[in-house]
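A quick write-up on the structure given underneath.
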Amino acid sequence: MEKKLTRREMLRLTGTVAAGSLLAACAAPAPQVVEKVVTQVVEKEKVVEKSVDKVVTATPPAKGPVTIVATNHLDLQAWEATAARIKEQLPNVTLQLVSTPWGGGWGAYADSVITRIAGGEQIDILAIGIELVPLMTSAKILRPLDDYLAGDKAAADDYANDIHPVLWQMPQVEGKQYGIPYAWNNMVIHYNKKVFQERGVDLPSKDWTWEDFANTCTKLSNVNDNENDVFGYHCDDIMFMLQPWYHSNETSPLSADWKDSNLTDPKIAETLTYLQEMIKSRAMISPQAQFDVWNQFVAGHLGMLSAGRWIVPFFGSQNFQDWDIALFPKNKGDIRSVVGTHQHGITTLAKAPDEAWIVLKEMTSAEQNISQMDFIGDIPARKSAAANERFTREGPGNVDLWYGSLDYAKTIPCPVNFNIVDPLLRRHYGSIWNGDKTVDQAVQEAHAELQKEMDALKG
Amino acid sequence: MTQLKGPIAAEASAVGPGRGEAGQPFITARVQERIAGILFVLPSLLPLITFLLIPILASFVLVFADYPLLTEPKWIGTANLERLFSDKRMLMTFRNTALLVIGTLIFNNLLGLLLAMAVNRKMPRVLSYFFRTSFFFPFLTTTASLAVVWRFLLAQDRGVLNWFLSQIGIGPFQWTTSAQLALPSVLMYDVWKTVGFFMILYLAGLQAIPESLYEAAKIDGANSWQLTRHITLPLLTPTAFFCFTISCIGAFQIFDNAAVLTGGGPGDASRTVVMYIYENAFRRYEMGYASAVALVLLVVIASLTVVQFVGSKRWVHYE
């Protein structure tokens, strides 16, 4: 039978093992107990008046000076204008913005944030990628924002009018809103127009198919293992980047409710075989190969690559303009991209959630959406910001496809154990790409392992 | 008041005014010396206790808990230890690590010794310093940044090594993406990076051998091989023993080399034990199980080190 062990008990045990009260006395104080904080917050929420047409006061407004700590992955300069606006509205609030390094992607970002939360550090407003929302809500780190939205009609209307419903619904768990999107990404095919021209290949059409894509890859590639090599296509195999291929074949590694493995669906093997064949013929670079993708694309050694808009600032820095974007080719159905949002949420650790709500609104405002463009390449969550000249001037020709892809895209599967599922799948993909295992063999092994992980969630 | 005489008086006067009612000093000079010693050690001891000893002890406790970081730890008895026995991935990572230990042990020591003997030969001082610095330089540079460079050197497509090999009609090879070559690639990188350090250690060992021994042996008619076999190698055994020990411990802890170069892939083909511990602790947030694997690693390293120390009595010669 499982017995709950508090952190304090654990530390006490540790101290005992350390053989002596002296050593135990040296132990650091126990980290803040998250569950206790959650209980307090829930109790406070009971007194919320839902029909008030202004900011709801879940807790009495802070009388004294309040410090609100907000963290995300952007450079601090991206927040200067917003911080000034917040200061005007909340003179008694000290806003502490913390830029959490994002070098290793959302995974590394999550490592940093989660260990800080576990260590009892104050984080009132937290930016996270959509993949981590279920994990954070299941651990009761994020608090629902529905009461604030219900009590702040102006804000709710603003969001409803300016944020696409697909984006808005993504940070919802069991019908509750746990975050406000401030940016998002899709996946599209970027193609180097000059390479297409040099190799005499037609540019992608709007309705191109898998067959068209494979033919295009073959025609683009010219590989002789020398300095003039041109490869057709590169795609990474993290879940977000591979998902459009599954979507375009009307399948997904996980079931629709994200609770079971769906790897035994023959369309999964079909998708992987399709990619494997292109890798075998060297028309496509292996997803796990060490290849300087961005530079090789700009240098004309790669015809197409899969990426979101995050690559655009790099193209700008290289003064590279000879490229455009297209939706993924279709095989079955019309879904040809994937969506993942970044959102700000208020944590259950927040001591002044009302003030945090005001800060959150500014951090997700249209003004902030525009001013952050100098610091990230992601697509702004606000339609108005995506229509802004500051955004559209960076192109490419099909610039409307950035926000427009939402009509062809589906959200990335986000199970609570996303942090386990994604690397698990990648481990098995690796042996497909390098030919160590057949697709069927690797898929069967991956399915067995994945289903075990999904079953573990069901208790 | 009683007049103190003899050694007690001397000790009391050294202590100063601190005296009890009976005239006994509160703190003797010896105790005072001990306190001073502790106070001197404390600044380095406290961080060691806080950041090393307590976490190590905490991990012993965590072995028996399910602790996903964001919620309270739960006591689950020996479940984590039982899981170890059926964890094929852990066995694979131990296999990979063992191969790296053997590989680094052989190549770091063999090449380190050969390089040391080479740079120990008589040559212009400038040249000697140049070679020493060149071989040692990779060791001074951060592993992660060098591994990124190596990633591009070893890339299958448009990689530098494959390009050179293609000039003589060999390859291309999947250096980092094939299950057969990924681990040897990690080993190759690790040896390239650390062999300079072992070269310096062996060089110090070589230069500590008294020249008079060689001169005496030469007078007795010993040839070069006999000098090496009967003087150099026996007197280098203390250095070799030190090198073997730290080479083993270092190889068991390989993390960043493999993490940056291959990411542990393909599959688990180049994943090391420490990478697996990290994955469980900070990707899966299973601190309890990560602690259990870490405990196994600790036992393995400690056992091997004890074996090395015991075995050293048979082959290490001290002057």
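Residue check: A:L167 meets all listed conditions (1) open to solvent by less than 10 Å² (accessible area, probe 1.4 Å); (2) not in a helix (DSSP H, G or I) but one, namely (2). Is it true that some residue in the range A:88-103 is more than 21 Å from A:A139 (Cβ to Cβ), in a loop (DSSP other than H, G, I, E, B), touching a residue at least 40 places away in the same chain (Cβ under 8 Å) and away from every other protein chain (no Cβ under 13 Å)? Yes: one or more hits.
Against the conditions (1) modelled with pLDDT under 95; (2) away from chain A (no Cβ under 11 Å), B:P55 satisfies every one except (2). Taken as a whole, the structure leaves B:V195 outside the set of residues that are in a helix (DSSP H, G or I), under 23 Å from A:R427 (Cβ atoms) and β-branched (V, I, T).
Determine, yes or no, whether A:A456 is open to solvent by 50 Å² or more (accessible area, probe 1.4 Å), among the aliphatic types (A, V, I, L, M), at pLDDT below 95 and assigned to a helix (DSSP H, G or I). In short, yes. In the range B:138-146, the condition of being open to solvent by less than 20 Å² (accessible area, probe 1.4 Å), in contact (Cβ under 8 Å) with a residue 12 or more places away in the chain, away from every other protein chain (no Cβ under 14 Å) and not polar (S, T, N, Q) is met by at least one residue. Quick one: in the range B:158-176, which of the residues that are outside any helix (DSSP H, G or I) and surrounded by fewer than 19 Cβ atoms within 10 Å (Cβ to Cβ) is nearest to the other protein chains (Cβ to nearest Cβ)? Among residues in the range B:158-176 that are outside any helix (DSSP H, G or I) and surrounded by fewer than 19 Cβ atoms within 10 Å (Cβ to Cβ), the one nearest to the other protein chains (Cβ to nearest Cβ) is B:P172. Look at (1) within 14 Å of chain A (Cβ to nearest Cβ); (2) free of Cβ contacts under 8 Å to residues at least 40 places away in the same chain; (3) in a helix (DSSP H, G or I); (4) hydrophobic (A, V, I, L, M, F, W, C) and you find that B:V186 fails only one, number (2).
Residues checked against (1) more than 12 Å from chain A (Cβ to nearest Cβ); (2) at pLDDT below 95:
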| residue | (1), (2) |
| --- | --- |
| B:I231 | yes, yes |
| B:P234 | yes, yes |
| B:T245 | yes, yes |
| B:D268 | no, yes |
| B:F282 | no, yes |
| B:A290 | yes, no |
| B:A302 | yes, yes |
| B:W315 | yes, yes |
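Whether a residue is within 13 Å of chain B (Cβ to nearest Cβ), surrounded by fewer than 21 Cβ atoms within 10 Å (Cβ to Cβ) and not basic (K, R) was assessed, and A:N226 passes this test. Taking helices (runs of 4 or more DSSP H) as the structural unit, those lying wholly within the range A:344-434 and holding at least 2 residues that are surrounded by fewer than 19 Cβ atoms within 10 Å (Cβ to Cβ), away from chain B (no Cβ under 14 Å) and without any contact (Cβ under 8 Å) to a residue 40 or more places away in the chain correspond to A:389-392.
Here's the yes/no breakdown for (1) in contact with a helix residue (DSSP H, G or I) (Cβ under 7 Å, 6 or more places away or on another chain); (2) in contact (Cβ under 8 Å) with a residue 60 or more places away in the chain; (3) open to solvent by 60 Å² or more (accessible area, probe 1.4 Å); (4) closer than 30 Å to B:T143 by Cα:
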site: B:L213; (1), (2), (3), (4): yes, no, yes, no
site: B:A216; (1), (2), (3), (4): no, no, no, no
site: B:D220; (1), (2), (3), (4): no, no, yes, no
site: B:W225; (1), (2), (3), (4): no, no, yes, no
site: B:R229; (1), (2), (3), (4): no, no, yes, no
site: B:L235; (1), (2), (3), (4): no, yes, no, no
site: B:T239; (1), (2), (3), (4): yes, no, no, yes
site: B:C248; (1), (2), (3), (4): yes, yes, no, yes
site: B:Q253; (1), (2), (3), (4): yes, no, yes, yes
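Summed over the range A:197-221, the residues that are within 27 Å of A:Y246 (Cα to Cα) and outside any loop (DSSP other than H, G, I, E, B) give a count of 12. Could you list, in sequence order, the residues of the range A:186-198 that are open to solvent by 10 Å² or more (accessible area, probe 1.4 Å) and touching a strand residue (DSSP E or B) at 6+ places or on another chain (Cβ under 7 Å)? Once the filter is applied, which keeps residues that are open to solvent by 10 Å² or more (accessible area, probe 1.4 Å) and touching a strand residue (DSSP E or B) at 6+ places or on another chain (Cβ under 7 Å), the range A:186-198 yields A:Y191, A:K193. Residues of the range B:269-305 that are open to solvent by less than 50 Å² (accessible area, probe 1.4 Å), among the aromatic types (F, W, Y) and within 19 Å of B:G250 (Cα to Cα): B:Y276 alone. Residues in the range A:288-334 that are modelled with pLDDT under 90 and either out of contact with any His (no Cβ under 7 Å at 6 or more places or on another chain) or away from every other protein chain (no Cβ under 14 Å) (or both): A:Q288, A:A289, A:Q290, A:D292, A:K332, A:G333, A:D334.
Sub-8 Å Cβ pairs linking a first residue in the range A:136-148 that is over 16 Å from A:I123 (Cβ atoms) and away from chain B (no Cβ under 11 Å) to a second residue that is among the acidic types (D, E) and surrounded by fewer than 21 Cβ atoms within 10 Å (Cβ to Cβ), at least 6 apart or interchain, are A:D147/A:E45, ordered by first then second residue. In the set A:A183, A:A160, A:A156, A:A150, only one residue is open to solvent by 20 Å² or more (accessible area, probe 1.4 Å) and either outside any helix (DSSP H, G or I) or in contact with a helix residue (DSSP H, G or I) (Cβ under 6 Å, 6 or more places away or on another chain) (or both); that residue is A:A156. Within the range A:229-242, being among the β-branched types (V, I, T) and open to solvent by less than 30 Å² (accessible area, probe 1.4 Å) holds for one residue alone: A:V230. The conditions of being open to solvent by 10 Å² or more (accessible area, probe 1.4 Å) and not aromatic (F, W, Y) are met by A:S317. Residue count for the range A:120-147, restricted to those that are under 24 Å from A:L74 (Cβ atoms) and not in a loop (DSSP other than H, G, I, E, B): 14. Evaluated against (1) outside any loop (DSSP other than H, G, I, E, B); (2) within 14 Å of chain A (Cβ to nearest Cβ); (3) farther than 29 Å from B:I246 by Cβ, B:V126 falls short on exactly one condition, (2). Applying the criterion of being open to solvent by 40 Å² or more (accessible area, probe 1.4 Å) and within 13 Å of another protein chain (Cβ to nearest Cβ) to the residues of the range A:117-132, the residue that is farthest from B:Y285 (Cα to Cα) is A:E121. The residue list A:D407, A:D436 contains one member that is modelled with pLDDT under 90 and within 24 Å of A:M170 (Cα to Cα), which is A:D407. The residues of the range B:58-80 that are under 26 Å from the mean Cα position of the chain (by Cα) and either open to solvent by 20 Å² or more (accessible area, probe 1.4 Å) or facing another protein chain (nearest Cβ under 9 Å) (or both), listed by number, are B:A58, B:S59, B:F60, B:V61, B:L62. Scanning the range A:435-453 for residues that are within 14 Å of chain B (Cβ to nearest Cβ) and closer than 25 Å to A:W106 by Cα gives A:A446, A:E449, A:L450, A:K452, A:E453.
Apart from one condition, A:W208 fits all of (1) crowded, with 18+ Cβ neighbours inside 10 Å; (2) closer than 30 Å to B:G265 by Cα; the exception is (2).
The values are calculated or read from the model by the stated rules, or taken from the named source; none is laboratory data. Computed from a prediction, not measured in an experiment: that's the story for all the values here. For neighbour counting, all protein chains shown are included, and Cβ atoms are generated from backbone atoms with ideal geometry for every residue, glycine included. Note: areas computed on protein heavy atoms with side chains; ligands, DNA, RNA excluded. Shrake-Rupley method; radii C 1.70, N 1.55, O 1.52, S 1.80 Å.
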